[in-house]
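The values are calculated or read from the model by the stated rules, or taken from the named source; none is laboratory data. Just so we're clear, the structure is a prediction, and the values are computed from it rather than from any experiment. Cβ: placed from backbone, ideal geometry, glycine included. Neighbour counts: every protein chain shown.
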Amino acid sequence: MIRGIRGAITVGEDIEPQVIDATEKLLQEMIQKNNVDPENVAQVLITVTHDLISTFPAKALRNFEGWVYVPVMCMQEIPVPGSLEKCIRIMMTVETPIKQEQIYHAYLEGATVLRPDLSKS
């Protein structure tokens, strides 16, 4: 079955090392908790809020062994007034036997406010 795995994380400052480190942390959580094999990933879409422009967070995925051929794209989030700032969001499309309600969606740091109903430890 094809499933979407969501995740989000915030950073303190818009500097490349922080953006890459936060993205790696989020990806690691999503990959480990859902037992994702890169061979089963169709695509990874990454969005950032308008205040994150220092780097492409997709660079972080290239630090993971076996992920070099997974298609990744970065985009800018819609700048809705009052929305969460300095936020990186990820949507990973994977083939998995896991049921929809058993997918672990990772909301870390300040991003836990986005989906407190899905924020798990």
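Some values worked out for this structure:
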| read-out | value |
| --- | --- |
| All positions within region 21-43 that are under 15 Å from A58 (Cα atoms), surrounded by fewer than 20 Cβ atoms within 10 Å (Cβ to Cβ) and either in contact with a helix residue (DSSP H, G or I) (Cβ under 6 Å, 6 or more places away or on another chain) or among the polar types (S, T, N, Q) (or both) | E24, Q28, Q43 |
| Hits in region 37-61 (condition: hydroxyl-bearing (S, T, Y) and assigned to a strand (DSSP E or B)) | T47 |
| Residue match in region 68-86 (condition: of a type in the set (A, V, I, L, M, F, W, C), within 14 Å of Q43 (Cα to Cα), assigned to a loop (DSSP other than H, G, I, E, B) and modelled with pLDDT of 95 or more) | yes |
| Residue satisfying all of: in region 100-114; under 17 Å from E85 (Cβ atoms) and in a loop (DSSP other than H, G, I, E, B); modelled with the highest pLDDT among these | L108 |
| Among (1) closer than 19 Å to T112 by Cβ; (2) out of contact with any strand residue (DSSP E or B) (no Cβ under 6 Å at 6 or more places or on another chain); (3) not in a helix (DSSP H, G or I) - the single one E65 does not satisfy | (1) |
| Filter result (within 16 Å of N34 (Cα to Cα), within 13 Å of the chain's Cα centre (by Cα) and not aliphatic (A, V, I, L, M)) within region 104-119 | Y104, H105, Y107 |
| Matching residues, region 1-21, being under 17 Å from Q32 (Cβ atoms) and free of Cβ contacts under 8 Å to residues at least 60 places away in the same chain | D21 |
| Residue tally, condition closer than 21 Å to L52 by Cβ, surrounded by fewer than 19 Cβ atoms within 10 Å (Cβ to Cβ) and touching a residue at least 12 places away in the same chain (Cβ under 8 Å), over region 72-113 | 14 |
| Verdict on M73 being more than 13 Å from A111 (Cβ to Cβ) and under 15 Å from the mean Cα position of the chain (by Cα) | yes |
| Among (1) touching a Leu at 6+ places or on another chain (Cβ under 9 Å); (2) within 13 Å of E95 (Cα to Cα); (3) not β-branched (V, I, T) - the single one E29 does not satisfy | (2) |
| Count of residues meeting criterion [acidic (D, E) and either in contact with an Asp or Glu (Cβ under 6 Å, 6 or more places away or on another chain) or surrounded by 15 or more Cβ atoms within 10 Å (Cβ to Cβ) (or both)] in region 44-71 | 1 |
